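> Here you go, one structure.
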Amino acid sequence: MGIIAWILIGLIAGFIAKAIMPGKDPGGVIITILIGIAGGLLGGFLGKVIFGVDSIDGFFEISTWIAAIIGSVILLALYRLVTGNRRHA
């Protein structure tokens, strides 16, 4: 898949992860997209390592979307742990 496809999957997966885990996060749309893109890569890597499957097959494959969403949720949770309850002055 090309970079445009990864950005599109990242955008959608990031928004879905945000909907699954609602709450205030210190970050905007750009952070959501970056978490989604990285989450897609993480989900694909974990699917390959843990289950031995090639979970990043193509744009319209359900396994690609599930991997991207799960990876995005994991990264969003880690992002919240790292940033914690930081207050902006």
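The values are calculated or read from the model by the stated rules, or taken from the named source; none is laboratory data. Just so you know, these numbers come straight off a predicted model, no measurement behind them. Note that we place each Cβ from the backbone using ideal geometry, even for glycine, and neighbour counts take in every protein chain shown. Keep in mind that these areas ignore ligands, DNA and RNA; they rest on the heavy atoms of the full protein, side chains included. Shrake-Rupley method; radii C 1.70, N 1.55, O 1.52, S 1.80 Å.
> Of the conditions (1) open to solvent by less than 80 Å² (accessible area, probe 1.4 Å); (2) at pLDDT below 70, Asp54 satisfies every one except a single condition; which number is it?
(1)
> A further question on this structure: Can you name the condition, by its number, that Gly47 falls short on among (1) buried (at least 16 other Cβ atoms within 10 Å of the Cβ); (2) at pLDDT 75 or above?
(2)
> So in segment 68-85, with the set limited to residues that are loosely packed, with under 13 Cβ neighbours inside 10 Å and either among the β-branched types (Val, Ile, Thr) or not in a helix (DSSP H, G or I) (or both), which one is modelled with the highest pLDDT?
The selected residue is Val82.
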